[in-house]
Number of protein chains: 2
Amino acid sequence: MTEVEADEAGVRAANSAFYAALEARDLDAMADVWEHSDRIVVTHPGWPMLRGWARVAGSWDAIFRNTGYIQFVLTGDEVAVVGDVAWVTLDENILQATGGPDDGAADTQELSGARIAAVNVFVRARDGWRMVLHHGSPVSAGAPDA
Amino acid sequence: MTEVEADEAGVRAANSAFYAALEARDLDAMADVWEHSDRIVVTHPGWPMLRGWARVAGSWDAIFRNTGYIQFVLTGDEVAVVGDVAWVTLDENILQATGGPDDGAADTQELSGARIAAVNVFVRARDGWRMVLHHGSPVSAGAPDA
């Protein structure tokens with residue numbers, strides 16, 4: 001495996017760990033994915049930008065508590081690596097149940113689908129790649145090429 | 001000026017050139033801002049992700065032809081530089097007229113406002129910084145902290 005291939009594989013592993021933490025609604029796993037610093041930024045679909053680990057973690061906590069079930073089918077993903085920075089661009093095809101996970105039986109929850117265009121930026125750390133930015137935005141049904 | 005300050009100033013200049021090209025609806029100036037490659041990506045608010053210089057340029061051309069007037073007030077901008085990559089996160093507070101610029105007198109056009117959360121990624125070139133990614137997403141009026 002060349003250095004370039006190894007870098008790309010490392011970035012893909014970090015990106016997969018992010019979506020695994022999200023699907024599992026596991027805040028500890030999500031904490032392992034992110035750099036814990038002031039420069040990190042998350043923009044959830046329709047939300048304002050949130051900066052710094054405290055706000056980023058708080059937003060995941062809120063989302064996990066209000067999501068009963070969430071599944072991601074990722075399509076069109078592309079990885080770019082320049083030195084110690086990498087970014088992954090992809091479409092998140094999401095199937096999710098809204099309402100708290102303890103609201104009742106899963107089969108009584110409402111399921112909804114959405115297509116989100118997303119970019120994930122990672123910075124190389126000593127032991128892997130850490131997420132420094134996640135930005136997802138809804139793709140309108142009527143958008144060009146949608 | 002330290003090297004870090006010089007890098008940040010260079011990135012801010014490239015970011016300003018992007019919004020100047022956008023406000024001027026100047027496709028040549030926009031072409032100077034971007035890296036002309038296959039890895040570049042633009043996601044306009046509500047649009048699907050568009051890859052590569054041909055599609056990126058085409059989207060700006062379409063937007064410029066359908067925008068009579070557009071003004072950006074940028075707030076909360078933060079710059080991060082890691083090696084040869086930089087990213088700028090900011091809020092775009094947009095005032096714009098819709099309809100083609102030749103549709104009639106500016107004062108008969110409809111003006112609308114919007115708040116867009118945006119990230120701009122740049123890569124260092126020999127003669128400055130080139131944009132490789134722009135992703136803007138609408139902030140909902142009812143969003144937390146909006």
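The values are calculated or read from the model by the stated rules, or taken from the named source; none is laboratory data. Note that the coordinates shown come from a computational prediction; the quantities given were computed from them, not determined experimentally. Neighbour counts run over all protein chains shown; Cβ positions are idealised from the backbone, glycine included.
Residues in segment B:18-30 that are small (Gly, Ala, Ser) and either under 10 Å from the mean Cα position of the chain (by Cα) or within 14 Å of chain A (Cβ to nearest Cβ) (or both): B:ALA20, B:ALA21. Looking for something modelled with pLDDT under 95 and in contact with a helix residue (DSSP H, G or I) (Cβ under 8 Å, 6 or more places away or on another chain) - is there at least one such residue anywhere in segment A:1-22? So far as segment A:1-22 goes, yes, one or more of its residues are modelled with pLDDT under 95 and in contact with a helix residue (DSSP H, G or I) (Cβ under 8 Å, 6 or more places away or on another chain).
Selection over segment A:41-85 of residues that are under 22 Å from B:VAL85 (Cβ atoms), touching a Lys or Arg at 6+ places or on another chain (Cβ under 7 Å) and among the hydrophobic types (A, V, I, L, M, F, W, C) gives a count of 3.
Filtered by the rule that a residue be outside any strand (DSSP E or B), within 22 Å of the chain's Cα centre (by Cα) and at pLDDT below 95, segment A:83-112 gives A:GLY99, A:GLY100, A:PRO101. Checked against (1) surrounded by fewer than 19 Cβ atoms within 10 Å (Cβ to Cβ); (2) more than 11 Å from chain B (Cβ to nearest Cβ); (3) β-branched (Val, Ile, Thr), A:VAL33 passes all but condition (1).
Within segment A:39-92, the residues that satisfy the criterion of being touching a Ser or Thr at 6+ places or on another chain (Cβ under 8 Å), more than 7 Å from every other protein chain (Cβ to nearest Cβ) and of a type in the set (A, V, I, L, M) are A:VAL42, A:LEU50, A:LEU90. You will find that of A:GLY46, A:GLY52, A:GLY68, the residue that is on the phi > 0 side of the Ramachandran plot, surrounded by 15 or more Cβ atoms within 10 Å (Cβ to Cβ) and at pLDDT below 95 is A:GLY46 and no other. Within the set B:ALA9, B:ALA13, the sole residue that is free of Cβ contacts under 8 Å to residues at least 40 places away in the same chain and under 16 Å from B:ASP84 (Cα atoms) turns out to be B:ALA9. Looking at segment B:59-82, is at least one residue closer than 16 Å to A:VAL119 by Cβ, of a type in the set (A, V, I, L, M, F, W, C) and under 12 Å from the mean Cα position of the chain (by Cα)? Taking every residue of segment B:59-82 in turn, none turns out to be closer than 16 Å to A:VAL119 by Cβ, of a type in the set (A, V, I, L, M, F, W, C) and under 12 Å from the mean Cα position of the chain (by Cα). In the set B:VAL56, B:VAL41, only one residue is in contact (Cβ under 8 Å) with a residue 60 or more places away in the chain and touching a Phe, Trp or Tyr at 6+ places or on another chain (Cβ under 9 Å); that residue is B:VAL41.
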